[in-house]
Amino acid sequence: MVRIVPVRWACALIPLAAGVWFAGCSPKVESGHAGSSGATNPVVLVSAELRPMERTLGVLGSLNAFDQATVGIKTTGRLKVMTVDVGSVVKAGDTLAQIETRDYELRLQQAAGLLGQARARVGLPIEGTDDRVDADNINIVRETHALLDQAKKNLDRIRSLQDQGISSEAEFEKANADYQVSLNRYEATLQDVRERQAMLAQRRAEFDIARQQLNDASVRAPFDGVVQQRLAHVGEFVAAGSPVLRLVRVDPLRLRLEIPERRAAGVQIGQTVRVSLEGDSRTYTGTIRRISPALDERTRMLVVEAELENPGHLRPGAFAKAEIVTASAAPTLAVPAESLVTFAGSEKVLLVSSNKVVERPITTGRKVEGWIEVGSGLKAGDAVIRNPSGLRPGDPVVPAAAVTTEAHPAPGKNS
């Protein structure tokens, strides 16, 4: 059923409906835009400028002990003493463990007796460390040498008499035979003395070996370090070469870094390395000491080692983030960090053109003391908006220095 509206009512409703329709379709004007009230946003501008910045290379690595060794026993015996345990700090030469020494003491005494006997046979005192012998000063050598001289003189005298026709041929042959006997006896004596000297050298070596074995009954630290692991216990019978302790040297530490091939060209010995560790807010400084002569064929990485002083709490095996300073401070184009706008992985800054906001994409690099390096997109002197929060491209703005106090309240000062 169709309802008929009176003409006088329809005429009254038409203007009202039209007004409502026009009101719903008219565009809204935001209060912050010039289209409604002409208000502008005051902004602070700062110029992109050249600032001194170091060129660095960020890499990952790990801390390693400077030296590490599995310390073993050089002789065989029952472990008698263990003077250290896990975590003990030791100095080079400190005694770490010792086996029973009685057997080695007896061997040393036996070697000392044989050495004294050998020294006496060559005319030296039983005790002493100097085994040098002058063979001509040994009694038996002097005696045979004197007999040889006498036989030679007698032979020369008989030969002279024979030349004069006074001595007979028989006397000459007897004198010559006596001389040959004396010569052979002298040479035999010298040979005997040489054998005695050789025996003395052997006895000296046996004595030194026995003394070294007694000394090797103690395990000593090869370098300053810390005991990492204990591998034997008191009372155990250990064979020669058996491991007893694992020792590490933790000061300084080795910082081992792996650098990709494409980024390794600027790395050199002597460069400074700044290191940060997980869970530690402090930064540690080291120096590159060693660079591998070749890349790893499997990973194409260059292995670099730096030395890092250990203040006492750093441990080998820790993961490290390192920053290698490949170039000293040089003028670099930069803007304040608070001027950077990041959205969806893109980086940009906001500038002012004809009193309106304009965005400019840029590429960035290092961040030093609140300033960010600009790789492209800006040039020195370009003015960017500091703290551009809430601004969009096209927004009307005016530099803070041009905003009057009467027209707009003074904004908070940014630095």
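The values are calculated or read from the model by the stated rules, or taken from the named source; none is laboratory data. As the structure is a computational prediction, the values presented were derived from the model and not from experiment. Note that each Cβ is placed from the backbone with ideal geometry, even for glycine, and that neighbours are counted across all protein chains shown.
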Which ones in the stretch 99-153 are within 22 Å of Asn215 (Cβ to Cβ), surrounded by 14 or more Cβ atoms within 10 Å (Cβ to Cβ) and either β-branched (Val, Ile, Thr) or without any contact (Cβ under 8 Å) to a residue 12 or more places away in the chain (or both)?
Ile99, Thr101, Gly116
When every residue in the stretch 272-293 that is assigned to a loop (DSSP other than H, G, I, E, B) and at pLDDT 90 or above is compared, the one nearest to Arg246 (Cα to Cα) is Ser292
Being touching a Lys or Arg at 6+ places or on another chain (Cβ under 7 Å) and closer than 30 Å to Ile288 by Cα is the filter here; which residues of the stretch 332-379 pass it?
Thr332, Ala334, Trp371, Glu373
Residues of the stretch 362-409 being at pLDDT below 85, of a type in the set (A, V, I, L, M, F, W, C) and within 45 Å of the chain's Cα centre (by Cα), which ones?
Val368
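Can you pull out the strands (runs of 3 or more DSSP E) entirely within the stretch 186-264 that have at least 2 residues that are among the β-branched types (Val, Ile, Thr)?
Here the list reads 225-230, 243-260.
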Only one of these is within 30 Å of Ser62 (Cβ to Cβ), surrounded by 16 or more Cβ atoms within 10 Å (Cβ to Cβ), modelled with pLDDT of 90 or more and not acidic (Asp, Glu): Arg204, Arg254. Name it.
Arg254
I'm checking my understanding of the structure. Among residues of the stretch 318-362 that are among the polar types (S, T, N, Q) and at positive phi, which one is surrounded by the most Cβ atoms within 10 Å (Cβ to Cβ)?
Asn355
